[in-house]
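Asker: Before I ask anything, here is the structure I am working with.
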Amino acid sequence: MANESQKVLRHAGVDRLFHWITAVTMALLLATSLLPLLGVRFAWYAVHWVAGLVLTVIILLHMVRALFWQKPGSMLLISAADFSPHRAGKYTLPQKLMHLAWALAVLVAIVTGLLLLRKAGVPFLERDPYARTLAAWGVITLLHDLAALLSVFLVLVHVYFGILPEKRAYLRAMVTGFITRAELKPEHDLEKVERGD
């Protein structure tokens, strides 16, 4: 039997780098979108669209990595086993649900943000506010704003659970990459974790 204090790799370096780049770009995107609404005046637009493009590239790279080098089902697929009293594999049901909520918010924000680049204009794309009808722009903007509001909520929930004393091992694992077997044992089936399920 393995030692309970033995460290288990929870997140590879590339995954931690992805997480923290995503966190910084999300913070920039939320700050540049919400601070002007609160009356803080600054040249926000260039920072916003550049951060949006960085987020787009990072998400595309993450999707390629997840599909070809990882087991995407371990995070994406919710099955009857997730509702059973048995311990989870690498990810618990709440972690999977949080990931799905983030996927929805970020993908909607990216798609609508890329469409809005045409309306506002950027150095590599001529501004054309007449490319779509006023109603279409309204729907696109509404979806973009709803994705931003969902992101604010998810950031608050994510940070809250990340700093809870009983969940700090997960935060440490996102910084160092490792978690101990003893920390995983209460909620995770260690055999499933070792298989990457």
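Asker: What is the number of the single condition among (1) buried (at least 16 other Cβ atoms within 10 Å of the Cβ); (2) of a type in the set (D, E, K, R); (3) within 25 Å of His48 (Cβ to Cβ) that Lys192 does not meet?
Answerer: Of (1) buried (at least 16 other Cβ atoms within 10 Å of the Cβ); (2) of a type in the set (D, E, K, R); (3) within 25 Å of His48 (Cβ to Cβ), only one is false for Lys192: (3).
Asker: Let me confirm something: among Met98, Met26, which residue is within 30 Å of Lys185 (Cα to Cα), touching a residue at least 60 places away in the same chain (Cβ under 8 Å) and assigned to a helix (DSSP H, G or I)?
Answerer: Met98
Asker: Okay, next question. Which one is farthest from Ala109 (Cα to Cα) among residues in the range 133-160 that are without any contact (Cβ under 8 Å) to a residue 12 or more places away in the chain and of a type in the set (Phe, Trp, Tyr)?
Answerer: Checked the range 133-160; the qualifying residue farthest from Ala109 (Cα to Cα) is Tyr160.
Asker: Looking only at the range 101-144, how many residues end up being part of a helix (DSSP H, G or I), charged (D, E, K, R) and out of contact with any helix residue (DSSP H, G or I) (no Cβ under 8 Å at 6 or more places or on another chain)?
Answerer: Residues meeting the conditions: 1.
Asker: I'm checking my understanding of the structure. Among residues of the range 1-23 that are touching a Lys or Arg at 6+ places or on another chain (Cβ under 9 Å) and assigned to a strand (DSSP E or B), which one is nearest to Trp102 (Cα to Cα)?
Answerer: Val8
Asker: Take the residues of the range 164-191 that are in contact (Cβ under 8 Å) with a residue 24 or more places away in the chain and hydroxyl-bearing (Ser, Thr, Tyr): which is farthest from Ser84 (Cα to Cα)?
Answerer: Among residues in the range 164-191 that are in contact (Cβ under 8 Å) with a residue 24 or more places away in the chain and hydroxyl-bearing (Ser, Thr, Tyr), the one farthest from Ser84 (Cα to Cα) is Thr180.
Asker: Assuming Leu61 fulfils every condition listed in (1) surrounded by 14 or more Cβ atoms within 10 Å (Cβ to Cβ); (2) closer than 30 Å to Thr141 by Cα; (3) not basic (Lys, Arg) apart from one, which condition is it?
Answerer: (1)
Asker: Does Ala169 qualify as being of a type outside the set (Lys, Arg) and in contact with a strand residue (DSSP E or B) (Cβ under 8 Å, 6 or more places away or on another chain)?
Answerer: For Ala169, the condition - of a type outside the set (Lys, Arg) and in contact with a strand residue (DSSP E or B) (Cβ under 8 Å, 6 or more places away or on another chain) - is met.
Asker: Here is a follow-up. Could you identify the single residue in Ala46, Ala31 that is surrounded by fewer than 18 Cβ atoms within 10 Å (Cβ to Cβ), under 19 Å from Val108 (Cα atoms) and not polar (S, T, N, Q)?
Answerer: The conditions single out Ala31.
Asker: Would you confirm, using the coordinates I've provided, whether Lys119 is charged (D, E, K, R) and touching a residue at least 60 places away in the same chain (Cβ under 8 Å)?
Answerer: In short, no.
Each reported figure results from applying straightforward, stated rules to the coordinates on display, with no laboratory input. Treat the numbers as computed from the prediction; the structure is a model and nothing was measured. Glycine gets a Cβ as well: all are built from the backbone with ideal geometry, and neighbour counts include every protein chain shown.
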